Amino acid sequence: MKFIKLLISYILVFAVISFILFLVTLTLCWMSYKNSLQEIERLSFIDGFVDSLVHTYFYGYLKKIIPDHGTGMGGLDDKIRLYKEKQNLSDKEFPLHKIFIIICASGFVPPTLEKIDNKRIEARQHLDPSVFNRAGTKGRLYVISVYKVKYRNLKDHITVAMEGTPQLLTVLDASIEYPELKNNKKQVIEMFYKKLSKKLADNAEFQNSYELVFYNDDPDKPATLADEIILRHIDKGLVKQQEAMEYPSSINSVNESSKLH
């Protein structure tokens, strides 16, 4: 009789413990499911937000300034050719008929790219604007910036069409009201770069018309944007590496090189 009572006691204890474990497991599963839903909602929100930025930039700007729309204004290639003729620039001085699109890792885009490196990046007169009647505005201007990018010797240079992406400023502005964007700013910017890269690559009419540059604008590190632009020209055989990447003798090359790395 005692054995039976003891057995029943053990069974009851085991049943209670099993029920408690079941409740704990059920609670953990629910929390995991809830967190998964929240993560899906978060990713969906970020993905949709980035898609809207990419489409706005692509269709609202790049699609306007790169192709030739047959209106007599010409496309990017035509505008660069005309610019070189007006400014008396050779193919060596302005070798690439492309727009360099700078995506800063911080999301911040300075009003002029000179502010990234005012010793080696210098604003020049912009290309002739494209003019469209759009969204209730007659004669809306679409302007492409042009910069002189100097070699390390600060004397020789190349000229490029180059500008930042104002859509990323929208991320910074929206982050004030949407903590979700602020907490995931790094992910948003990286997604923007990847999605824009794919969008451009998927459109044959944009081939050979752009260079997408993801630039680390860490304020605690020396500016390297000029070198990144020049290295892309070196890779294409348009600039001699020895001439472009050597510092003048008055500069301690070892120290300066170590700073850039």
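Some notes on this structure:
- When we screen Val149, Val160, Val143, Val171 for residues that are open to solvent by less than 20 Å² (accessible area, probe 1.4 Å), on the phi < 0 side of the Ramachandran plot and in contact with a His (Cβ under 7 Å, 6 or more places away or on another chain), the only hit is Val149.
- Odd one out for Ala161, checked against (1) small (Gly, Ala, Ser); (2) at pLDDT below 95; (3) within 23 Å of Gly237 (Cα to Cα): (2)
- Total residues in region 218-237 satisfying the condition of being buried (at least 19 other Cβ atoms within 10 Å of the Cβ) and either free of Cβ contacts under 8 Å to residues at least 12 places away in the same chain or not in a helix (DSSP H, G or I) (or both): the figure is 2.
- Of note, Tyr61 does not satisfy the criterion of being surrounded by fewer than 19 Cβ atoms within 10 Å (Cβ to Cβ), touching a residue at least 60 places away in the same chain (Cβ under 8 Å), in contact with a Lys or Arg (Cβ under 7 Å, 6 or more places away or on another chain) and of a type outside the set (A, V, I, L, M, F, W, C).
- Selection of region 84-140 for residues being under 30 Å from Asn183 (Cα atoms), of a type outside the set (A, V, I, L, M, F, W, C) and surrounded by 15 or more Cβ atoms within 10 Å (Cβ to Cβ) yields Ser106, Gly107, Thr112, Glu114, Asp117.
- Where Arg81 falls short, out of the listed (1) without any contact (Cβ under 8 Å) to a residue 12 or more places away in the chain; (2) open to solvent by 40 Å² or more (accessible area, probe 1.4 Å); (3) part of a helix (DSSP H, G or I); (4) not acidic (Asp, Glu): (1)
- Scope region 176-201; condition more than 14 Å from Leu62 (Cα to Cα) and either among the aliphatic types (A, V, I, L, M) or not in a helix (DSSP H, G or I) (or both); matching residues: Ile176, Glu177, Tyr178, Leu181, Asn184, Val188, Ile189, Met191
- Residues that are open to solvent by 40 Å² or more (accessible area, probe 1.4 Å), among the basic types (Lys, Arg), touching a Lys or Arg at 6+ places or on another chain (Cβ under 9 Å) and farther than 27 Å from Ala223 by Cα are absent from region 184-200.
To keep it simple, each residue is scored yes or no on (1) touching a helix residue (DSSP H, G or I) at 6+ places or on another chain (Cβ under 6 Å); (2) charged (D, E, K, R).
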site	(1), (2)
Glu85	no, yes
Lys98	no, yes
Ile102	no, no
Lys119	no, yes
Tyr142	yes, no
Val146	no, no
Thr159	no, no
Ile189	no, no
Lys194	no, yes
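- Qualifying strands (runs of 3 or more DSSP E) (wholly inside region 84-136; at least 2 residues being closer than 20 Å to Glu211 by Cα): 99-104, 121-124
The values are calculated or read from the model by the stated rules, or taken from the named source; none is laboratory data. As the structure is a computational prediction, the values presented were derived from the model and not from experiment. Here the Cβ is made from the backbone with ideal geometry for all residues, glycine too, and neighbour counts use every protein chain on show. These accessible areas exclude ligands, DNA and RNA; they are computed on the full protein's heavy atoms, side chains included. Shrake-Rupley method; radii C 1.70, N 1.55, O 1.52, S 1.80 Å.
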